[in-house]
Amino acid sequence: MTKKISVLWFFIHFALEVICFQFYTQFFASLEIAALMALLYDILAFFPQFFVGGLAEKLPRLPIGMLGAAMVLLGGLGAFFDIGIIRMTGFFILSVGNAFVHVGGAKATLFTCGDKIAPSAVFVSGGSFGIITGKLLGGGDKPFAIGFLIMLIGSILIYFADRLCSKAKTAYPTIKMADRRKNTSVIILLAFFVVSVRGLMSYSIPTGWNKSALQSICLFAMMGIGKGLGGILSDKVGAKKTALVSTALSLPFLMLGGNIMWVSLIGVALFSMTMASTLGILVSAAPRHPLMAYGITTTGLLVGTIPAFYPAVNRFISNIGFLAVLTVVCFAALYYIMAPDKIKK
């Protein structure tokens, strides 16, 4: 049952990002205010998730995912009007709806996962494939009806996912990745830092080789694969082992892969694997507030991406030496705050 729910939410997340990024890329990416619009989208889609998560915890019967899908589709209708104020309003509604759908996916996967992080990791990984699909549709000026239809299908999938959740055994997750001997505030702060670095590096990793649509597809696909694989391996071989090995191995590949596609892609996938680790750490550090913990991860991503909108700052942080230092600090942070892996008999 849990696997079916996570797979459904993989495709729902894919559909969500397709419509959002087709909307942005098709109607705003070529404007002079493109960077501002991208920043506004990130703020509206990422920042509210902490508060929406709190709302979903207080009102467990609220169909948070379906509510978000309705907002996304309502906002998406604005794209069919060639009137600036209507299109802009629609984009804002769609962006906020994105936050609600994300929390719906977190709720569905975390409250049915038991002590496993893979279901949530699989759900999150679908977004990477949706982002590049939406960008290509928008950049190719394809009919917006395509993205709208995909999200309409995604909304139907939410209905079926909710039906499965109502039949499944639901409970607070029992993930135990954080070292509870450490101060909880320190655990949350350091996990937040690692998430922010992941958001930063998603914009700042040198990818001089990325010059075609196919190469962009490969880049986002490896991000998605890394996120999902990080969760699966965490459950299979141990969360701390997976986090530390993937972070350590990512460094040489990222340093050497600036102009070598396959080397860079391996590094991207390896570092993306920390997504599952940081989510698991935060959920286990705040076991009674898993959805707010999920919201902390998206806030961390927002904080990490903000520097990318300042060209001078972005040039500085793109320096491979600076990224190497950040990677080493992330390794040390994960080593300090993560609980030792249990030895499986």
- line: The correct count of residues that are at pLDDT 85 or above, surrounded by fewer than 14 Cβ atoms within 10 Å (Cβ to Cβ) and outside any helix (DSSP H, G or I) in the range 311-345 is 1
message: Anything in the range 22-43 that is of a type outside the set (S, T, N, Q), in a helix (DSSP H, G or I) and modelled with pLDDT under 95? List them, or say none.
response: 24, 27, 34, 35, 36, 37, 38, 39, 40, 41, 42, 43
Options 308, 293: the member that is within 26 Å of residue 125 (Cβ to Cβ), surrounded by fewer than 22 Cβ atoms within 10 Å (Cβ to Cβ) and either under 19 Å from the mean Cα position of the chain (by Cα) or hydrophobic (A, V, I, L, M, F, W, C) (or both): 308
query: residue 166: more than 28 Å from residue 43 (Cβ to Cβ) and open to solvent by 60 Å² or more (accessible area, probe 1.4 Å), yes or no?
result: yes
- request: Give the range 151-186 a look and list any residue that's among the basic types (Lys, Arg) and out of contact with any Phe, Trp or Tyr (no Cβ under 9 Å at 6 or more places or on another chain), or say none.
  value: 163, 167, 169, 176, 180, 181
message: Can you tell me how many residues within the range 44-100 are open to solvent by 70 Å² or more (accessible area, probe 1.4 Å), assigned to a helix (DSSP H, G or I), within 20 Å of residue 292 (Cβ to Cβ) and in contact (Cβ under 8 Å) with a residue 40 or more places away in the chain?
response: 1
Close pairs from the range 212-224: first open to solvent by 40 Å² or more (accessible area, probe 1.4 Å), partner β-branched (Val, Ile, Thr), Cβ under 8 Å, at least 6 apart: 217/132; 222/266; 222/268
- line: Subset of the range 204-249, residues of a type in the set (Ser, Thr, Tyr), within 25 Å of residue 133 (Cβ to Cβ) and part of a helix (DSSP H, G or I), comes to 204, 216
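The values are calculated or read from the model by the stated rules, or taken from the named source; none is laboratory data. Just so it is clear, the structure is predicted and the values come from calculations on it, not from any experiment. Don't worry about glycine lacking a Cβ; one is built from the backbone with ideal geometry, like all the others, and counts go over all protein chains shown. Surface areas here come from the heavy atoms of the whole protein model, side chains and all, with no ligands, DNA or RNA. Shrake-Rupley method; radii C 1.70, N 1.55, O 1.52, S 1.80 Å.
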